[in-house]
Amino acid sequence: QRYAPPVAAAACFAYAGREVWQACCGPLGQEAELQALWERDTQELDQRRLDWVARVAGATAVGKGKADVLAEVHNMDALGPAGLRLQVGESVDVLEDGSGMNQGFFVVRSATGKGA
């Protein structure tokens with residue numbers, strides 16, 4: 001019982017020190033590795049989408065069909081650098097439907113010639 005208060009105090013100071021270290025110097029150990037892995041995966045996915053868009057846009061002169069934009073994207077970060085902001089009611093040529101990881105995404109060319 002005599003050692004309990006000093007041990008508890010040491011534990012509190014250690015925890016506080018860890019929190020201050022993380023605030024000043026960033027996450028420790030596995031957290032830093034996970035954050036780096038997440039960043040690398042994000043960059044790889046963005047690059048795969050950019051490559052997909054470039055391949056399709058360069059090879060496809062005629063689209064599969066026309067489509068009208070029904071809603072705008074609210075979070076452009078979700079699309080990454082391959083994303084194209086379209087306006088409601090705008091008409092686009094659909095060049096290719098996504099599959100696999102890109103299911104739900106489309107490579108399009110707008111009537112004004114914007115992007116792909």
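Things to note:
- Within region 47-69, residues that are surrounded by 10 or more Cβ atoms within 10 Å (Cβ to Cβ) sit with their Cβ atoms under 6 Å from residues that are in a loop (DSSP other than H, G, I, E, B), at 6+ positions apart or across chains, in these pairs: V53/A116; A57/A116; V69/L86; V69/V88; V69/E90.
- Taken together, the residues in region 19-39 that are in contact with a Gly (Cβ under 9 Å, 6 or more places away or on another chain) and either of a type in the set (S, T, N, Q) or modelled with pLDDT of 80 or more (or both) amount to 1.
The values are calculated or read from the model by the stated rules, or taken from the named source; none is laboratory data. None of the values given here were measured: they were computed from a predicted structure. Quick reminder, even Gly has a Cβ in these numbers, built from the backbone with ideal geometry, and neighbours come from all protein chains shown.
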